[in-house]
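Data block below; observations after.
The values are calculated or read from the model by the stated rules, or taken from the named source; none is laboratory data. No experiment lies behind these values; they were computed from the predicted model shown. Cβ sites come from the backbone with ideal geometry, for glycine too, and all protein chains shown count toward neighbours. Accessible surface areas use protein heavy atoms only, side chains included; no ligands, DNA or RNA. Shrake-Rupley method; radii C 1.70, N 1.55, O 1.52, S 1.80 Å.
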Amino acid sequence: EFILKYGGTKDKIVNLPNGMSKDFFKKIKNNDFKKKNKIKGPLVLFFGRLNFTKSPDNFVRIAHLVLKESPETTFVIRGPDEGMKDTVKKLIGKEKRIILLPETRDRLEIIKMYQAADMYVLPSYREGLPLTLFEAMASGLPIIATPVNGVPFEINRYNGFLIDHSNLESFKEKIIYLLKNKKIRDKIAKTNIETSKSHDWDIISDKTLKIYEALV
């Protein structure tokens with residue numbers, strides 16, 4: 001829409017999504033993520049920059065709402081600090097079921113984290129097209145996110161749920177719904193693993209190269 005607004009034409013626009021490593025499809029045997037972090041029960045994950053645009057603070061607020069009805073659930077927040085770490089810590093308070101983990105770039109650790117989780121939640125109010133969505137999908141996680149920017153182009157009702165940024169109550173309801181319905185989670189997981197296969201970097205890079213070759 002932005003390109004068309006400034007004079008572009010539809011026949012000159014090609015949409016290419018982000019790509020990701022094949023490593024995220026590999027099932028980790030003897031995954032020790034939960035044991036290492038002393039986590040028992042269901043796990044809800046936020047993995048991304050601790051930037052106000054991604055609303056990690058709202059994730060904590062949502063977690064508090066869910067814990068009132070599902071106290072056995074654990075919420076994990078992880079990502080590099082971009083100004084929101086102290087706010088997140090204050091909001092967590094003394095709640096032991098909301099865990100703020102140190103930033104990591106260890107690929108294996110990240111894959112273990114995804115595969116240990118039961119769902120991925122991203123309550124951003126502004127996004128581009130976050131790579132974490134495809135990593136989470138490849139790991140078999142249902143997605144609960146906001147319909148902002150590129151997200152609704154790749155996420156639909158078969159992948160999880162899209163919820164307005166400010167509707168924390170609805171986030172809570174959908175999280176609890178998925179926690180209570182393993183069959184639904186499993187069904188979405190299969191869909192997401194299959195969908196994410198088309199976002200392999202080899203496929204995306206090949207499509208990109210073909211566009212350049214056609215122009216040449």
Accessible-area value, Phe2, 1.4 Å probe, nucleic acids and ligands omitted, Å²: 150
Mind checking the full-extension length gain between Glu95 and Lys12? Use 0.36 nm per residue of separation minus the Cα-Cα distance, one decimal, nm. 24.7 nm
So which residue, out of Glu169, Glu95, Glu127, gets the largest mean-square fluctuation from a GNM of the chain using Cα contacts under 10 Å as springs? Glu95
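Which of the residue pairs Lys22/Lys190; Lys54/Lys187; Lys27/Lys183; Lys26/Lys112 have a Cα-Cα distance greater than 22 Å in the structure shown?
Correct reply: Lys54/Lys187.
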Per residue, how much accessible surface does the chain expose to a 1.4 Å probe? Answer in Å², no decimals. 56
Sorting Ser139, Ser198, Leu129 by the position of each Cα along the dipole of the chain (Lys, Arg +1; Asp, Glu -1; all at Cβ), the one nearest the positive end of that ordering is Ser139
Near Phe46, within a Cβ-to-Cβ distance under 15 Å, what is the net charge of the other residues, with Lys and Arg +1 and Asp and Glu -1? +1
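Quick check: net charge around Arg61, other residues with Cβ under 11 Å of its Cβ, Lys/Arg +1 and Asp/Glu -1?
On the way: positive: Lys172; negative: Asp57, Glu169.
Spelling it out: positives minus negatives among the neighbours equals -1.
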Taking the Cα centre of the stretch 1-120 as origin, sum charge times position over the Cβ atoms of Lys and Arg (+1) and Asp and Glu (-1), and report the length of that vector in debye to the nearest 20. 400
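Counting helices only, and only those DSSP H runs with n ≥ 4, report the 222 nm mean residue ellipticity of the chain as the sum of -39,500 (n - 2.57) divided by its residues, in deg cm²/dmol to the nearest 500.
Roughly -12500 deg cm²/dmol at 222 nm, from the helical runs in the chain.
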Keeping the other protein chains in place, figure out the carbon and sulfur percent of the accessible area of the stretch 1-153, with a 1.4 Å probe. 52
What stretch of the chain, leaving out the sites themselves, is the longest with no trypsin sites (Lys or Arg not before Pro) in a DSSP loop having at most 14 other Cβ atoms within 10 Å? 158-216
Hey, if you put +1 on the Cβ of every Lys and Arg and -1 on every Asp and Glu Cβ in the stretch 1-106, which of Gly83, Gly19, Val66 ends up farthest toward the positive end of that dipole? Val66
GNM, the chain, Cα, under 10 Å: largest mean-square fluctuation among Asn167, Asn181, Asn18? Asn181
Choice from Ile203, Ile39, Ile143 showing the highest fluctuation, given a GNM over the chain with Cα pairs closer than 10 Å: Ile203
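Counting Lys and Arg as +1 and Asp and Glu as -1, each charge on the Cβ, what is the dipole of the chain about the Cα centre in debye, to the nearest 20?
With only Lys, Arg, Asp and Glu charged at Cβ, the dipole is about 860 debye.
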So if I take the centroid of the Cα atoms in the stretch 163-216 and the same for the stretch 10-36, what is the distance between those two points in Å? 10
